[in-house]
Every structure is written in structure tokens, then in C-alpha cells.
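Working notes, structure below.
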Amino acid sequence: MFRALAIALLTSMLAAIATAQDGKIPFQVIPLPPTLGLPDGHTNFVIRSAEEWNVWADKLSVIDEPLPTVDFGQYTALVASAGYKERGPVIVTFDSITDTGNVIRIHVSVDSPAACPAQPVSGHYAVMALIPRTDKPIQFDVSNRDTNCPQKNSK
């Protein structure tokens, strides 16, 4: 009896691990220009409809380049922003997007320059990803990888 229970528990755990590994969601990355007038602090956005897209775009302080077109019947848009940085470039990367069953987990990395740039480039550093349309809750996990480059005057 104990052996059967142990085997059932092990089988259940392996099935859960396989499901978690299979939960990877494909995504398409769309770079956003550093001149886009996003909020100054780190912010993430989930945009599920054209109406939400319009509200989001109306809150941007600057739009120098046309925004990408998104088919919200097919996709949910995710925007990860490192905020305003005076000493860029800063790289924002979607590392993985996983469906864990009850929630979609997004892992984002924000990397400061690997070497101090001779001419820092200020801007709002962000990236957008498109995933298949979902109404599930979305949780962002962000890792900041700072280098030894002094971040004087950065926000």
C-alpha cells in the first residue's frame, strides 16, 4: 500500500513538472524606441484590447515614431519598462513567459550597460511582447543586473 502511494505521488510530481515545462508560451518581441514617453519609474503594462491600447497610448508624453499595430483578437500585449535612465543604453529583455495554470508568469531582465558608455544615451527603455490572447492574470518577475558602471545622475 505504501509503495503504491509513493509511486502515485512520484507520478503526480513528474506530471506536474512536465506540465510546468510544457507551459512555455511563445512570444514575439517588439522593441520600443527610447524616445517613447513612458513613466519615469519601472512599470509593466498588460494591454488586452484596442480600448486599453488607446488609453495607454494617450498617457504617453511623447510618441515620436508610430506605435506598432496589434491585433487584440489574437494577442495580448505586454510592455516592460525600466523607466527613464540618463546613463543608457539599458537592455530590457523578456526571458520567459510561462502558463502555470492559474496565472501567466513573465520573467523580465533589465541590464545596465556592460561597460560605461563614452556617450550615455538617456531615454525610457522598454520592450513589448505579444502573446496569444489570454484573460488569465499576469504576474511580472523582474531581475535587475547592474554592472560596475557608475550610475551617476541616473533615475
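Structure values in brief
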| read-out | value |
| --- | --- |
| Residues satisfying the stated conditions in region 1-27, i.e. loosely packed, with under 14 Cβ neighbours inside 10 Å, part of a loop (DSSP other than H, G, I, E, B) and at pLDDT 70 or above | 26 |
| 1 or more residues out of contact with any strand residue (DSSP E or B) (no Cβ under 7 Å at 6 or more places or on another chain) and surrounded by 12 or more Cβ atoms within 10 Å (Cβ to Cβ): qualifying strands (runs of 3 or more DSSP E) within region 28-124 | 75-88, 91-99 |
| Filter pass, residue 50 being at pLDDT below 95 and either hydrophobic (A, V, I, L, M, F, W, C) or in contact with a helix residue (DSSP H, G or I) (Cβ under 6 Å, 6 or more places away or on another chain) (or both) | no |
| Subset of region 53-77 (residues that are modelled with pLDDT of 95 or more and among the acidic types (Asp, Glu)) | 71 |
| Among the candidates 92, 142, 121, 127, residue that is among the β-branched types (Val, Ile, Thr), under 25 Å from residue 55 (Cβ atoms), modelled with pLDDT under 95 and in contact with a Pro (Cβ under 7 Å, 6 or more places away or on another chain) | 127 |
| Selection from region 125-143 of residues that are hydroxyl-bearing (Ser, Thr, Tyr) and either under 11 Å from the mean Cα position of the chain (by Cα) or part of a strand (DSSP E or B) (or both) | 125, 143 |
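The values are calculated or read from the model by the stated rules, or taken from the named source; none is laboratory data. Note that the structure is predicted; figures quoted are calculated from it, not measured. All Cβ positions, even for glycine, are placed from backbone atoms using ideal geometry, and neighbour counts span all protein chains on display.
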